[in-house]
1. Got a sec? What order do A:H10, B:H75 fall in by accessible area at 1.4 Å, biggest, i.e. largest, first?
2. Give the Cα extents of chain A along the principal axes, in whole Å, largest first.
3. Hey, what's the Kirkwood Rh for the protein assembly as shown if you take every pair of different alpha carbons, in angstrom?
4. Any idea what the relative contact order of region A:2-111 is, in percent, if you count C-alpha pairs under 8 Å spaced at least 6 apart?
5. Can you pull out the buried accessible area for chains A and B, both sides counted, probe 1.4 Å, rounded to the nearest 100 Å²?
6. Over all directions, the average projected area of the alpha-carbon convex hull for region B:4-105 comes to how many nm²?
7. Averaged across the residues of A:84-96, what count of C-beta atoms belonging to other chains lies within 10 Å of each residue's C-beta?
8. Semi-axes of the equivalent ellipsoid for region B:34-73, please: Cα gyration tensor eigenvalues, times 5, square-rooted, ordered largest first, whole Å.
Amino acid sequence: EAGVTQSPTHLIKTRGQQATLRCSPISGHTSVYWYQQALGLGLQFLLWYDEGEERNRGNFPPRFSGRQFPNYSSELNVNALELEDSALYLCASSQGWNTIYFGEGSWLTVV
Amino acid sequence: GQQVMQIPQYQHVQEGEDFTTYCNSSTTLSNIQWYKQRPGGHPVFLIQLVKSGEVKKQKRLTFQFGEAKKNSSLHITATQTTDVGTYFCADNDMRFGAGTRLTVKP
């Protein structure tokens, strides 16, 4: 069974541009979580989607947004990129309130 | 901001020494989960605690959930180099603590 898959693995963008990151959850999982992990730091909660709706949002500006599609895959969009947005973006999925399983992450570098 | 506070931020031990990381919440939790992230890897689920005062063991790892369900701890007995990584707790909203980075000197 495939795990959580994320794309792209690496992404380099220029300050002010937009970045789109994608996540496919484990089959059967309806919840998708997004986290930001700056180098050497902890996991900062970004967004939680379940059944296509945004259920919770972390303390991030509105330029961080996303959506969940009918097949439960998800996109994270970051507009007006800033240098400090450079980080590993981790997606995780779960079925209900069970354990969450993480993908390998997408490295975003803003130059 | 994060709902759960985790301490210490870093811990460096000699191989064979014990290690403990603590997680505290300002609110009562329905459950708490622990994850381990190896250097260069992604977080991997270790365990979930649900009951007040619950204690669970996984080989050299002992997990505790406080009586008030506001705090939790992870204790590793006789650390090994394979224990290196960052240990995170997560509350029932899947918000993670800042993590404790463990390094082990052989």
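1. Numbers: A:H10 125, B:H75 55 Å².
Greatest to least solvent exposure: A:H10, B:H75.
2. Taking max minus min along each principal axis of the Cα atoms, chain A gives 37, 25, 24 Å.
3. Numbers: mean 1/r = 0.0562 Å⁻¹.
After inverting the mean inverse Cα-Cα distance, the result is 17.8 Å.
4. Working: 287 pairs, mean separation 41.0, N = 110.
37 percent.
5. Details: alone 6050 and 5830 Å², together 10330 Å².
In total, chains A and B hide about 1600 Å² from solvent.
6. Values: hull surface 22.6 nm².
Over every viewing direction, the Cα hull of region B:4-105 projects on average to 5.6 nm².
7. Numbers: counts 0, 0, 0, 0, 1, 0, 3, 1, 6, 0, 2, 0, 0.
The mean count of partner-chain Cβ atoms within 10 Å per residue comes to 1.
8. Details: eigenvalues 97, 25, 11 Å².
Working through the eigenvalues yields semi-axes of 22, 11, 7 Å.
The values are calculated or read from the model by the stated rules, or taken from the named source; none is laboratory data. This structure is a prediction, so every number in the text was calculated from the model and none was measured. Note: ideal-geometry Cβ built from the backbone for every residue, glycine included; neighbour counts use all protein chains shown. These area figures cover heavy atoms from the full protein model, side chains too; ligands, DNA and RNA do not enter into them. Shrake-Rupley method; radii C 1.70, N 1.55, O 1.52, S 1.80 Å.
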